[in-house]
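One structure is given below, encoded as structure tokens.
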2 protein chains.
Amino acid sequence: MTMQQSPLVRKLSSFVGLSENELSVLDIFQRHRRSFPAGADLVHEGQTDATAFVLSDGWVSSYKVLRGGGRQIVDFQIPGDFLGLRSVLFRTADHNIEPITQVNASEFGASDMLKAFEASPRLAAAVLWSASCNEAVVVERLVSLGRRDATERTAHFLLELGARLKLVGLATKEGYRCPLSQYHLADALGLSAIHVNRVLRQLREEGFLTFRNGEVTFDDFDQLVKAADFDAAYLDYDGPMMK
Amino acid sequence: MTMQQSPLVRKLSSFVGLSENELSVLDIFQRHRRSFPAGADLVHEGQTDATAFVLSDGWVSSYKVLRGGGRQIVDFQIPGDFLGLRSVLFRTADHNIEPITQVNASEFGASDMLKAFEASPRLAAAVLWSASCNEAVVVERLVSLGRRDATERTAHFLLELGARLKLVGLATKEGYRCPLSQYHLADALGLSAIHVNRVLRQLREEGFLTFRNGEVTFDDFDQLVKAADFDAAYLDYDGPMMK
DNA sequence: CGTCGGGTTGATAACTTTCAAATTTCGTGG
DNA sequence: CCACGAAATTTGAAAGTTATCAACCCGACG
């Protein structure tokens with residue numbers, strides 16, 4: 001009997017070939033499926049009893065708020081991503097996690113993870129790899145915030161999102177559905193919403209991409225990639241790299 | 001016979017209590033000790049045969065270069081940190097690694113890691129935890145680049161470095177030795193070296209801190225913490241959190 | 001209808017960069 | 001010990017990018 005491949009399984013499989021047994025161990029992570037409404041934090045900074053999740057459906061944002069009230073979105077999670085892995089490894093959660101859309105996610109705790117690691121060291125490596133992928137995304141955004149101007153940054157971000165969504169079948173080279181507001185973009189890109197608006201207009205008028213009505217359309221993908229200096233290498237994991 | 005505690009052991013011990021056996025397994029990571037001169041890249045972006053290291057002595061920077069020639073330093077590593085963990089998990093290295101000072105580091109490969117994971121799932125959790133600490137640092141810098149102005153950003157960074165160094169006994173509340181140039185700071189903080197210079201002058205003149213002659217001195221630690229909105233929670237791991 | 005969360009636009013202000021140039025520091029050879 | 005050159009630091013002035021403030025528009029919704 002073939003098991004329905006969850007986004008998580010699909011993703012981890014692209015790193016290590018998983019045995020039947022390992023697949024069933026992975027189930028530990030996906031037992032307690034729950035549903036959450038948009039807007040209400042799943043985890044908030046400082047929380048000490050946080051659990052982790054595997055996202056199976058919907059969009060989520062991880063963010064921090066600053067003293068002055070500003071906020072910085074660290075990353076968006078899409079189906080197949082872990083949520084709050086850091087929060088369970090640390091004593092206290094170091095960031096907030098908020099669903100942007102209605103969301104389905106499976107809850108698990110640190111002990112579940114350790115159990116999985118005991119059952120299969122290869123799974124441990126796979127989880128570490130997955131966390132590394134996440135870090136690679138954060139690093140690339142760091143580079144954007146540090147050294148790219150608003151236009152490159154925005155284009156790069158929208159391309160990256162497209163590449164990630166494509167991996168789970170939610171985007172094509174043409175574009176994708178995107179529930180983010182310009183405020184979300186602003187908080188992720190370290191810009192004001194007003195400036196994001198101007199940048200989006202410019203990108204649209206110059207024929208690069210259209211961000212509108214919850215839909216991102218790449219009007220000229222190749223030019224865009226060039227303009228944004230985008231290289232998907234850090235997202236590119238086709239085929240298991242550990243036999 | 002008591003083993004000399006390496007920075008790595010000290011660090012991982014603060015997450016999980018390690019058994020005699022696990023300590024000896026950890027040795028896998030520290031067998032091939034090597035020495036490297038400042039300036040010559042240990043790993044360069046795109047390299048496909050990269051190995052990983054545990055840093056035991058000296059300072060290292062991880063950075064990316066952009067099309068336009070600019071560079072963004074993602075993080076500095078200090079003794080006890082892993083180098084290039086991502087590079088061995090990915091097919092190709094996604095960033096450059098350059099020693100800032102003369103450096104001692106132990107080399108290991110993906111297979112060594114898997115061997116260690118097989119010997120002890122708790123070690124796997126410890127490595128994952130360590131990677132998460134790293135990510136937390138990167139995330140905090142992301143927040144700085146996105147939402148803090150040059151002054152807060154600089155102060156925050158220098159405080160963070162101090163906190164990290166203190167954990168391995170290389171800093172006090174008074175300050176620490178710091179081999180970074182203002183160019184290093186600029187490339188890490190997403191600023192121009194010239195502006196970094198102005199900011200440092202301002203911080204010095206206002207009695208917050210002095211960055212000079214390879215030495216960072218906190219002239220008013222408490223005020224500085226307040227001004228930078230610095231909260232060391234994300235670095236604060238005293239006492240094993242897994243029994 | 002009236003409000004509310006997006007989205008859009010213009011004008012002005014703030015922060016940072018860039019360019020140009022002087023000064024200091026530091027390692028090295030005389 | 002001093003001189004010299006390279007690298008790092010420092011400063012001023014002008015230009016550029018992005019934020020802030022103040023409106024206005026629009027569609028969804030009670």
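The values are calculated or read from the model by the stated rules, or taken from the named source; none is laboratory data. What you see is a predicted model, and the numbers here were worked out from it, not measured in a lab. As a convention, Cβ positions derive from the backbone with ideal geometry for all residues, glycine included, and neighbour counts pool all protein chains shown.
Report the residue count in the stretch A:143-154 for those that are in contact with a strand residue (DSSP E or B) (Cβ under 8 Å, 6 or more places away or on another chain) and surrounded by fewer than 24 Cβ atoms within 10 Å (Cβ to Cβ).
Taking the stretch A:143-154 as the starting set, the residues that turn out to be in contact with a strand residue (DSSP E or B) (Cβ under 8 Å, 6 or more places away or on another chain) are A:143, A:146-147.
Narrowing the set further to residues that are surrounded by fewer than 24 Cβ atoms within 10 Å (Cβ to Cβ) leaves A:147.
Number of matching residues: 1.
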Conditions (1) in contact (Cβ under 8 Å) with a residue 40 or more places away in the chain; (2) facing chain B (nearest Cβ under 9 Å); (3) over 20 Å from B:L235 (Cβ atoms); number of the one not met by A:A124: (1)
Total residues in the stretch B:30-54, condition more than 18 Å from B:I73 (Cα to Cα) and charged (D, E, K, R): 4
Go through the stretch A:157-199 and give me each residue that's out of contact with any strand residue (DSSP E or B) (no Cβ under 9 Å at 6 or more places or on another chain) and of a type in the set (K, R). A:R198
Tally the residues that are assigned to a loop (DSSP other than H, G, I, E, B) and either within 18 Å of the chain's Cα centre (by Cα) or surrounded by fewer than 19 Cβ atoms within 10 Å (Cβ to Cβ) (or both), restricting the search to the stretch B:15-44. 11
Residue check: is A:G109 at positive phi and either surrounded by fewer than 23 Cβ atoms within 10 Å (Cβ to Cβ) or at pLDDT 95 or above (or both)? no
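Which of the residues belonging to the stretch B:133-151 are within 9 Å of chain A (Cβ to nearest Cβ) and within 12 Å of DNA strand C (Cβ to nearest atom)?
Taking the stretch B:133-151 as the starting set, the residues that turn out to be within 9 Å of chain A (Cβ to nearest Cβ) are B:133-136, B:138-148.
If the condition is that a residue be within 9 Å of chain A (Cβ to nearest Cβ) and within 12 Å of DNA strand C (Cβ to nearest atom), then B:S144, B:L145, B:G146, B:R147, B:R148 are the ones that fit.
Let's see how each residue does on (1) in contact with a Gly (Cβ under 7 Å, 6 or more places away or on another chain); (2) among the small types (G, A, S):
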position: B:V74; (1), (2): no, no
position: B:Q102; (1), (2): yes, no
position: B:A119; (1), (2): no, yes
position: B:R122; (1), (2): no, no
position: B:S130; (1), (2): no, yes
position: B:T151; (1), (2): no, no
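Kindly indicate the residue of the stretch B:198-229 that is within 11 Å of DNA strand D (Cβ to nearest atom) and of a type in the set (A, V, I, L, M) and also farthest from A:E140 (Cα to Cα) among those meeting that condition.
Residues of the stretch B:198-229 within 11 Å of DNA strand D (Cβ to nearest atom): B:198-205, B:210-215.
Then keep just the ones that are of a type in the set (A, V, I, L, M); that gives B:199-200, B:203.
Details: B:V199: 26, B:L200: 27, B:L203: 30 Å.
Looking at residues that are within 11 Å of DNA strand D (Cβ to nearest atom) and of a type in the set (A, V, I, L, M), I get B:L203.
The rows are residues; the columns are (1) within 16 Å of DNA strand D (Cβ to nearest atom); (2) under 30 Å from A:T172 (Cβ atoms).
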| site | (1), (2) |
| --- | --- |
| A:G68 | yes, no |
| A:F90 | no, no |
| A:V103 | no, yes |
| A:L123 | no, no |
| A:N134 | no, yes |
| A:V138 | no, yes |
| A:R147 | yes, yes |
| A:T154 | yes, yes |
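So, in the stretch B:54-90, exactly how many residues are closer than 18 Å to B:V127 by Cβ and either more than 9 Å from every other protein chain (Cβ to nearest Cβ) or without any contact (Cβ under 8 Å) to a residue 40 or more places away in the chain (or both)?
17
Quick grid of which residues meet (1) more than 8 Å from DNA strand C (Cβ to nearest atom); (2) within 14 Å of chain B (Cβ to nearest Cβ); (3) modelled with pLDDT of 95 or more:
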position: A:G190; (1), (2), (3): yes, yes, yes
position: A:I194; (1), (2), (3): no, no, yes
position: A:N197; (1), (2), (3): no, no, yes
position: A:G207; (1), (2), (3): yes, no, yes
position: A:V216; (1), (2), (3): yes, no, yes
position: A:Q223; (1), (2), (3): yes, no, yes
Please go through (1) more than 22 Å from B:D231 (Cα to Cα); (2) more than 9 Å from every other protein chain (Cβ to nearest Cβ); (3) part of a helix (DSSP H, G or I); (4) touching a residue at least 24 places away in the same chain (Cβ under 8 Å) for B:S130 and return the number of the only condition it doesn't satisfy. (1)
Which pairs do you get when a residue that is without any contact (Cβ under 8 Å) to a residue 40 or more places away in the chain, found in the stretch A:22-37, comes within reach of a residue that is among the aliphatic types (A, V, I, L, M), reach meaning Cβ atoms under 8 angstrom, with the pair 6+ apart or on two chains? A:L23/A:M3; A:L23/A:V9
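Filter the stretch A:183-197 down to the residues that are free of Cβ contacts under 8 Å to residues at least 24 places away in the same chain and more than 7 Å from DNA strand D (Cβ to nearest atom) and list them by number. Talk me through it step by step, then tell me what you get.
Residues of the stretch A:183-197 free of Cβ contacts under 8 Å to residues at least 24 places away in the same chain: A:183, A:186, A:192-194, A:197.
Within the stretch A:183-197, A:Y183, A:A186, A:A193, A:N197 meet the criteria.
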Index of the failed condition, A:D49 passing every other in (1) within 8 Å of chain B (Cβ to nearest Cβ); (2) in a loop (DSSP other than H, G, I, E, B): (1)
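In the stretch B:94-106, what count of residues is obtained for those that are in contact with a helix residue (DSSP H, G or I) (Cβ under 6 Å, 6 or more places away or on another chain) and surrounded by 24 or more Cβ atoms within 10 Å (Cβ to Cβ)?
As a first pass, look at the stretch B:94-106 and keep what is in contact with a helix residue (DSSP H, G or I) (Cβ under 6 Å, 6 or more places away or on another chain): B:94, B:106.
Those still in the list that are surrounded by 24 or more Cβ atoms within 10 Å (Cβ to Cβ) too: B:94.
Adding up the residues that qualify gives 1.
Given the structure, is B:G175 more than 11 Å from DNA strand D (Cβ to nearest atom), under 23 Å from the mean Cα position of the chain (by Cα) and away from chain A (no Cβ under 14 Å)? Working first, answer last.
Numbers: more than 11 Å from DNA strand D (Cβ to nearest atom): yes; under 23 Å from the mean Cα position of the chain (by Cα): yes; away from chain A (no Cβ under 14 Å): yes.
Yes, satisfied.
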Could you tell me whether B:L203 is touching an Asp or Glu at 6+ places or on another chain (Cβ under 9 Å), of a type in the set (A, V, I, L, M, F, W, C) and within 27 Å of A:S144 (Cα to Cα)? yes
